[in-house]
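See structure below.
The values are calculated or read from the model by the stated rules, or taken from the named source; none is laboratory data. Just so you know, these numbers come straight off a predicted model, no measurement behind them. Here the Cβ positions follow ideal geometry from the backbone for every residue, glycine too, while neighbour counts run over all protein chains shown. Remember, those area values only see protein heavy atoms, side chains included, never the ligands or the DNA or RNA. Shrake-Rupley method; radii C 1.70, N 1.55, O 1.52, S 1.80 Å.
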Amino acid sequence: MHDKVMVVTGGSRGIGAATCLLAAERGYGVVVNYAGNVAAAEAVCARIHHMGGEAVAVRGDVSLAEDVEHIFRAADRMGRLAALVNNAGIIAPAGRVDAMTADSIAKVLAVNVTGSMLCAGAAIRRMSSRHGGRGGGIVNLSSAAAKLGAPGTSVDYAASKGAIDTLTVGLALEVAAEGIRVNGVRPGIIETEFHAASGDPGRVERLAPSLPMQRAGTAEEVALAILWLLSEEAAYVTGTTVAVTGGRAITP
Ligand code: NAP
């Protein structure tokens with residue numbers, strides 16, 4: 001049984017995949033959750049097995065309570081849960097609020113907010129000293145959009161990430177005395193396939209020169225911040241969200 005297991009939701013691609021690989025390098029057994037892209041999830045696991053690590057791909061929609069239990073039962077089979085990265089996130093096709101539908105708004109909130117809260121609950125039931133656990137860490141994926149609001153394109157998504165910021169603060173305080181630290185990372189423009197989902201695959205290339213550091217970030221750069229927050233080096237850090245934005249949207 002592994003003494004250090006990490007669940008990464010949406011671990012099959014982008015920031016989640018980079019987090020899985022770095023976590024394995026740092027000695028975690030990794031549950032690579034995915035929604036539908038089994039080939040991508042299996043490829044992440046294959047890379048981890050190749051480096052001598054332990055990983056399992058687990059399909060599950062984080063917005064569904066029964067799927068979340070299935071994901072965490074896979075973690076239980078691997079060993080002691082030590083960390084959760086609430087990374088799974090979606091964005092709807094770009095549009096103004098006055099053109100959004102109830103279904104589309106609900107879907108974004110269900111995956112980004114409900115999913116993160118359901119997974120946090122499952123993790124706390126395993127890690128909290130209140131439930132007989134030995135503690136652990138949670139990192140929630142926010143976004144620069146939570147500060148910028150994403151007017152004209154993705155206010156629904158931005159609002160979901162604003163909710164994540166509040167979740168990070170409230171949950172950190174709720175479990176601070178139970179051996180669990182809860183933090184967030186706030187990525188800016190990161191090179192992943194995410195932007196294509198909003199209908200704007202050229203977004204990274206177009207915006208990169210206008211950013212303070214004049215380039216987009218990489219998934220690996222976000223993963224490094226996530227792993228730092230989960231490490232002993234951040235032992236007295238909880239309830240905060242670290243911007244990984246190359247200087248964008250850093251004002252409180
Ligand atoms: P991505 O490349 O689009 O990958 C999304 C991942 O989430 C995939 O592994 C996908 O699984 C999974 N997923 C989607 N819906 C899911 C669901 N209902 N249940 C479980 N897994 C689900 O995204 P990314 O760019 O790496 O973004 C990761 C996180 O960072 C998101 O929370 C996003 O909001 C945040 N973020 C990204 C950026 C950026 O510029 N990329 C900026 C700020 C914040 P499948 O492979 O099976 O589809």
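For the reader, a short list of remarks on this structure follows.
- Among helices (runs of 4 or more DSSP H) entirely within region 147-237, having at least 3 residues that are more than 19 Å from residue 85 (Cβ to Cβ) singles out 155-175, 194-197, 203-207.
- Output for region 218-237, where each listed residue is of a type in the set (S, T, N, Q) and either under 17 Å from residue 13 (Cα atoms) or at pLDDT below 95 (or both): 218
- Note on region 128-159: among residues that are under 18 Å from the mean Cα position of the chain (by Cα) and among the hydrophobic types (A, V, I, L, M, F, W, C), the one that is nearest to the ligand (Cβ to nearest atom) is 141.
- Residue within region 86-98 that is within 29 Å of residue 203 (Cβ to Cβ), part of a strand (DSSP E or B) and under 14 Å from the mean Cα position of the chain (by Cα) present: yes
- Neighbours by Cβ (under 7 Å, 6+ apart or cross-chain): first from region 191-210, more than 12 Å from residue 246 (Cβ to Cβ); second open to solvent by 40 Å² or more (accessible area, probe 1.4 Å) and outside any loop (DSSP other than H, G, I, E, B): 195/203
- Sole residue being within 26 Å of residue 235 (Cα to Cα) and either touching a Pro at 6+ places or on another chain (Cβ under 7 Å) or open to solvent by less than 30 Å² (accessible area, probe 1.4 Å) (or both), chosen from 145, 123, 216: 123
- Test for residue 67: is it outside any helix (DSSP H, G or I), within 13 Å of the ligand (Cβ to nearest atom) and not aliphatic (A, V, I, L, M): no
- Residues that are of a type in the set (A, V, I, L, M, F, W, C), buried (at least 18 other Cβ atoms within 10 Å of the Cβ) and touching a residue at least 60 places away in the same chain (Cβ under 8 Å) within region 88-120 comprise 88, 90, 91, 92, 119, 120, listed in sequence order.
- The test for being near the ligand (Cβ under 8 Å from one of its atoms) and open to solvent by 10 Å² or more (accessible area, probe 1.4 Å) does not hold for residue 174.
- Of everything listed in (1) within 14 Å of the ligand (Cβ to nearest atom); (2) open to solvent by less than 80 Å² (accessible area, probe 1.4 Å); (3) touching a residue at least 60 places away in the same chain (Cβ under 8 Å); (4) farther than 23 Å from residue 166 by Cβ, the single unmet condition for residue 82 is (1).
- The number of residues in region 44-64 being open to solvent by 50 Å² or more (accessible area, probe 1.4 Å) and either near the ligand (Cβ under 7 Å from one of its atoms) or over 17 Å from residue 2 (Cα atoms) (or both) comes to 6.
- Selection of region 186-205 for residues being surrounded by 23 or more Cβ atoms within 10 Å (Cβ to Cβ) and either farther than 28 Å from residue 96 by Cβ or of a type outside the set (A, V, I, L, M, F, W, C) (or both) yields 186, 187, 188.
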